[in-house]
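Participant: After the structure tokens below, expect a handful of questions from me.
The values are calculated or read from the model by the stated rules, or taken from the named source; none is laboratory data. Here the structure is a predicted model, which means the values were calculated and not measured. Because the Cβ atoms are built from the backbone with ideal geometry, glycine has one as well, and the counts that use them run over all protein chains shown.
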Amino acid sequence: MIYRTCAAYAAGVLGLVLGLSLRIDMAAAEPFYVGAKKCEECHRPESDVWEGMKHAKSFGEIHRKPEVRAIIQAAGGNTNMRRNEVCIQCHYTNAKADAGAQPQAVSGPSCESCHGPASDWISVHNNFGGPNAKKADETPANRAKRQADASKAGMIWPQEIYEVAQNCMSCHGLSRPGVDGAAIGKMIEAGHPVKGEFEFVLYSQGTVRHRFYNSTTNSEMAPAEAARAFIAGHAAALVNVTAAKGKSSDAKFTAAQQKLEQAARKALDAVKGAAPEAATLLSAPTDDNAQKLVAAIASKDLSAQVGGMLPAKNTYK
Ligand code: HEC
Ligand code: HEC
Ligand code: HEC
Ligand code: HEC
């Protein structure tokens, strides 16, 4: 459910193989990226934050880096990074104006890279109960329906922190299912970085942080929230690593996955006493077990268990 983008990509590739008409049919059925400009109309504060992220700034510079040529050669495909089928999946927002149009890299990773391709949910997520309804007047039933409809249409809600973190991991752990394992190995050998140091709090609460929630303040996470996000992030990392393990036999890729796994196991081990679901997840790292753990800690304060492991604020990326 999280990897819709890849489904769209796979559908596109399949369509190319099977013929043009099928490609058009499938493309119309798959959600697509509309681009950050659309979001900006209503989300000025979040857009300002995004413009300061590496994700946005990367667009103007990354293709000029000297190491890019060798990495593209290793991956194969179009020699223009913004058009390369592999690079596009993680480095760009491949947006289009409507279902029939040709997608184009319009920016680096943007709103929809983290919140899900929006073609099918953009008009649903702010429907507070009719054309003139305001958020303040929304009924709980409408809120539940709005969230369910948007999720079904491909939105990743910020409150679903486990899903959000899973999605970050698919790019930052180089494990995006649409990206071929053999290509990843070759790219790493050609100089593509693979660090194995992604941790959700460290990476989301620095330059990426936008937590306005209807206010003008970009608020920091309270310690209890940060502890939960730390655990949800490590739960996502463990599940992701388990799925990615056999993807490439490249030594650096394997080392990075091991590093991620060790950090995840250490964090989850520390909360076993407070949340037995963590022990279940450690012995069987499935999506389902991770979701159960995250649900079980929804109102717990795990600061006593993991407070000492949280990254210091001055190290936030
Ligand atoms: C026509 C106006 C409008 C557009 C366009 C729009 N949004 Fe929103 N969005 C809203 C409103 C209103 C809210 C609710 C604001 C709030 O809860 O503070 C919202 C809430 C959200 C939320 C938070 C959901 C929650 O309740 O926690 C996310 C995430 C979001 N929008 C992402 C996007 C993205 C990504 C785009 C572009 C693809 C986008 N929005 C386009 C109006 C819009
Ligand atoms: C599976 C996702 C993924 C794919 C596919 C991918 N990259 Fe990356 N790339 C990343 C991530 C994530 C980083 C940032 C690593 C970090 O700094 O933690 C990165 C970093 C880089 C960097 C270093 C940037 C810097 O600021 O120094 C280069 C160069 C690069 N990628 C080139 C490419 C090229 C060229 C392609 C296509 C052939 C490609 N990448 C495909 C995820 C990906
Ligand atoms: C790198 C990933 C990433 C990108 C890019 C990103 N977001 Fe978010 N967004 C998040 C995360 C993570 C949260 C949850 C923050 C929290 O509550 O801790 C979030 C929360 C939100 C919220 C709810 C909090 C608030 O500020 O009201 C809105 C709305 C939102 N994002 C809109 C956007 C829009 C619009 C863009 C593009 C201009 C964007 N996001 C780009 C990851 C991202
Ligand atoms: C679609 C793929 C993708 C997704 C999803 C994604 N990122 Fe990234 N992120 C990248 C790439 C690619 C870079 C490197 C860009 C460059 O170096 O030019 C990057 C860079 C970053 C950086 C800057 C790192 C540094 O050392 O400068 C941070 C922080 C970051 N991402 C956090 C996040 C968080 C948190 C999430 C999830 C909420 C997330 N990213 C989701 C692709 C992604």
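Participant: Residues in the range 114-121: is at least one closer than 30 Å to Asp250 by Cα, near ligand 4 (Cβ under 10 Å from one of its atoms) and either in a helix (DSSP H, G or I) or not assigned by TED's automatic domain parsing to the domain that holds Phe59 (or both)?
Facilitator: yes
Participant: Looking only at residues that are within 16 Å of ligand 1 (Cβ to nearest atom) and touching a residue at least 24 places away in the same chain (Cβ under 8 Å) in the range 187-223, which one is nearest to Ala256 (Cα to Cα)?
Facilitator: Taking the range 187-223 and keeping what is within 16 Å of ligand 1 (Cβ to nearest atom), we get 204, 208-219, 221.
Those still in the list that are touching a residue at least 24 places away in the same chain (Cβ under 8 Å) too: 204, 208-210, 212, 214, 216, 218.
Details: Ser204: 20, Val208: 23, Arg209: 25, His210: 28, Phe212: 34, Asn214: 38, Thr216: 39, Asn218: 32 Å.
Only one residue tops the list, namely Ser204.
Participant: From the list Lys266, Lys247, Lys259, pick out the single residue that is at negative phi, assigned by TED's automatic domain parsing to the domain that holds Ser303 and touching a His at 6+ places or on another chain (Cβ under 9 Å). Can you show your working first?
Facilitator: On the way: Lys247 fails: touching a His at 6+ places or on another chain (Cβ under 9 Å); Lys259 fails: touching a His at 6+ places or on another chain (Cβ under 9 Å).
After ruling out the rest, the residue left standing is Lys266.
Quick grid of which residues meet (1) closer than 17 Å to Pro311 by Cβ; (2) within 14 Å of ligand 3 (Cβ to nearest atom):
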residue	(1), (2)
Tyr162	no, yes
Gly173	no, no
Arg176	no, no
Val179	no, no
Glu189	no, no
Lys195	yes, no
Pro223	yes, yes
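Participant: Pick from Asp250, Asp301, Asp269: which is in contact with a Gly (Cβ under 6 Å, 6 or more places away or on another chain) and of a type outside the set (Phe, Trp, Tyr)?
Facilitator: On the way: Asp301 fails: in contact with a Gly (Cβ under 6 Å, 6 or more places away or on another chain); Asp269 fails: in contact with a Gly (Cβ under 6 Å, 6 or more places away or on another chain).
After applying the criteria, what remains is Asp250.
Every residue, every condition in (1) under 16 Å from Glu85 (Cβ atoms); (2) surrounded by 21 or more Cβ atoms within 10 Å (Cβ to Cβ); (3) touching a residue at least 60 places away in the same chain (Cβ under 8 Å), yes or no:
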{"residue": "Ala148", "(1), (2), (3)": "no, no, no"}
{"residue": "Ser151", "(1), (2), (3)": "no, no, no"}
{"residue": "Gly154", "(1), (2), (3)": "no, yes, yes"}
{"residue": "Trp157", "(1), (2), (3)": "no, no, no"}
{"residue": "Glu160", "(1), (2), (3)": "no, no, no"}
{"residue": "Cys171", "(1), (2), (3)": "yes, no, yes"}
{"residue": "Ser175", "(1), (2), (3)": "no, yes, yes"}
{"residue": "Ala183", "(1), (2), (3)": "yes, no, yes"}
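Participant: Just to verify a result, which residue in the range 11-62, among those that are within 16 Å of ligand 4 (Cβ to nearest atom) and under 19 Å from Asp98 (Cα atoms), is modelled with the lowest pLDDT?
Facilitator: Ranking the qualifying residues of the range 11-62, first place goes to Pro31.
Participant: Restricting to the range 164-184, count the residues that are near ligand 4 (Cβ under 10 Å from one of its atoms) and charged (D, E, K, R).
Facilitator: The number of residues fulfilling the criteria is 1.
Participant: Restricting to the range 185-226, name every residue that is more than 9 Å from ligand 4 (Cβ to nearest atom), polar (S, T, N, Q) and surrounded by 14 or more Cβ atoms within 10 Å (Cβ to Cβ).
Facilitator: Within the range 185-226, just Asn218 meets the criteria.
Participant: Follow-up question, since we're still on this one. Just checking, which of Ala136, Ala148 is within 16 Å of ligand 3 (Cβ to nearest atom), among the small types (Gly, Ala, Ser) and either in the same structural domain as Val86 (by TED's automatic domain parsing) or touching a strand residue (DSSP E or B) at 6+ places or on another chain (Cβ under 8 Å) (or both)?
Facilitator: Values: Ala148 fails: within 16 Å of ligand 3 (Cβ to nearest atom).
Checking each option against the conditions leaves just Ala136.
Participant: Could you say whether any residue in the range 71-80 is hydrophobic (A, V, I, L, M, F, W, C), more than 16 Å from ligand 4 (Cβ to nearest atom), in the same structural domain as Cys39 (by TED's automatic domain parsing) and at pLDDT 95 or above? Lay out the reasoning, then the answer.
Facilitator: At the first step, the residues of the range 71-80 found to be hydrophobic (A, V, I, L, M, F, W, C) are 71-72, 74-75.
Checking the rest, the ones that are also more than 16 Å from ligand 4 (Cβ to nearest atom) come to 74.
Still in the running and in the same structural domain as Cys39 (by TED's automatic domain parsing): 74.
Remaining after also requiring at pLDDT 95 or above: 74.
Within the range 71-80, one or more residues are hydrophobic (A, V, I, L, M, F, W, C), more than 16 Å from ligand 4 (Cβ to nearest atom), in the same structural domain as Cys39 (by TED's automatic domain parsing) and at pLDDT 95 or above.
Participant: Being among the β-branched types (Val, Ile, Thr) and touching a Gly at 6+ places or on another chain (Cβ under 8 Å) is the requirement here; does Thr79 meet it?
Facilitator: Details: among the β-branched types (Val, Ile, Thr): yes; touching a Gly at 6+ places or on another chain (Cβ under 8 Å): no.
Criteria not met by Thr79.
Participant: If you don't mind, another one. Tell me, which helices (runs of 4 or more DSSP H) wholly within the range 224-317 include 2 or more residues that are within 29 Å of Val179 (Cβ to Cβ) and touching a residue at least 60 places away in the same chain (Cβ under 8 Å)?
Facilitator: Values: elements: 251-270, 277-283, 287-296, 303-306.
Per the criteria, 251-270, 287-296.
Participant: If Glu138 satisfies every condition in (1) within 14 Å of the chain's Cα centre (by Cα); (2) modelled with pLDDT under 95 but one, which is the exception?
Facilitator: It is condition (1) that Glu138 fails.
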